[in-house]
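Below is one structure; the comments refer to it alone.
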Amino acid sequence: MISRLPVESFMKVILSAVASLNELIIFRPVSSISIEQHATMYLFFLLSGIVDLCIYYGLHLPSGSSYGAMVLAFVMEGLLFTSHVHGRPELDAYIHQLLVYIVFLTALVIALEMKFKTSILLGITRSYLTMLQGSWFFGVGIILYGHEKPSFWDHESHTLIMYATLYF
């Protein structure tokens, strides 16, 4: 029974909704534009999941709508993270910039995949970039908010920026 359900689409909707509500409700007392940026990003991935579910349940949408919604979600994420780095310490800005590269490259690969649906290489590349993005989010979290006090990561050190590149 579960093999017939669009699990990935449901997960996109559920996890995006939870993440967005988490930002807007739990972190809301901390007034920050970053909270609204994160919530907006999650809402675009939620929209992508809704488009997937609409297609699965028979709503007639234009061909490529699922791909288009994913491209839109990744482009929006990239745009939000592009402005997310302004005014931050050098290391912080740099590790976010690496994320921006991955995000826009993922959007490009998905757009190409929309055109060349039978390309196995594009599908594998999309999967790889998505996993790279997810693992780099963990890396960013460790670098910025690691458990060590004082942190190993001096946010103004050019040497540590080079290490961040190696870890990437």
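Quick one: net charge of PHE81's neighbours, Cβ under 15 Å, K/R +1, D/E -1?
Values: positive: ARG88; negative: GLU23, GLU36, GLU77, ASP92.
Computed value for this residue: -3.
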Original post:
If we count every other residue with Cβ under 15 angstrom of TYR57's Cβ, Lys/Arg +1 and Asp/Glu -1, where does the sum land?
Top reply: 0
Original post:
How are the Cα pair distances of region 1-61 distributed, in percent, across 10 Å bins from 0?
Top reply: 24, 41, 23, 11, 1
Subject >> Fraction of alpha-carbon pairs over 24 Å apart in region 1-125 - percent >> reply: 36 percent
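How would LYS12, LYS115 line up from fewest to most surrounding beta-carbon atoms within 10 angstrom? Before the final figure, lay out each step's value.
Values: LYS12 24, LYS115 10.
Arranged by neighbour count, lowest to highest, LYS12, LYS115 become LYS115, LYS12.
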Original post:
Quick one: helix 7-21 against the long Cα principal axis of the chain, what's the angle to the nearest 10°, folded into 0 to 90?
Top reply: 40 degrees
Original post:
Among all stretches of the chain without exposed GluC sites (Glu not before Pro) (DSSP loop, at most 11 other Cβ atoms within 10 Å), which one is longest?
Top reply: 1-147
Subject >> Overall dimensions of region 88-168 by Cα: Rg and Dmax, Å >> reply: 15.4, 50
Original post:
How much length is gained if the chain between PHE137 and GLU90 is pulled fully straight, taking 0.36 nm per residue apart and subtracting their Cα-Cα distance, in nm to one decimal?
Top reply: 15.2 nm
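Cβ under 11 Å from GLN97's Cβ, GLN97 left aside: what net charge do those residues give with Lys, Arg +1 and Asp, Glu -1? Please list the in-between numbers first.
Values: positive: ARG88; negative: GLU90, ASP92.
That sum, taken over residues with Cβ under 11 Å, equals -1.
Return the loop-located chymotrypsin sites (Phe, Trp or Tyr not before Pro) in region 70-132 (DSSP other than H, G, I, E, B) with at most 15 other Cβ atoms within 10 Å of their own Cβ; answer none if there are none.
Numbers: sites: PHE74, PHE81, TYR94, TYR101, PHE104, PHE116, TYR128; in loops: PHE116.
Sites meeting the loop and neighbour criteria: PHE116.
How much length, in nm to one decimal, is gained on full extension between THR82 and CYS54, taken as 0.36 nm per residue of separation minus their Cα-Cα distance? List each step's numbers first, then the result.
On the way: separation 28, 0.36 × 28 = 10.08 nm, distance 3.07 nm.
Answer, rounded to one decimal: 7.0 nm.
Run the numbers for LEU166 and LEU5: contour at 0.36 nm per residue of separation, minus the present Cα-Cα distance, in nm.
53.9 nm
Taking R0 as 30 Å, what FRET efficiency do you get between ILE124 and ASN22 from their Cβ-Cβ distance, rounded to the nearest 0.05?
Values: r = 31 Å, r/R0 = 1.05.
That gives a FRET efficiency of 0.45.
We did not get these values from a lab; they are worked out from the coordinates using the rules stated. Just so it is clear, the model here is predicted, and its values are computed rather than measured. Because the Cβ atoms are built from the backbone with ideal geometry, glycine has one as well, and the counts that use them run over all protein chains shown.
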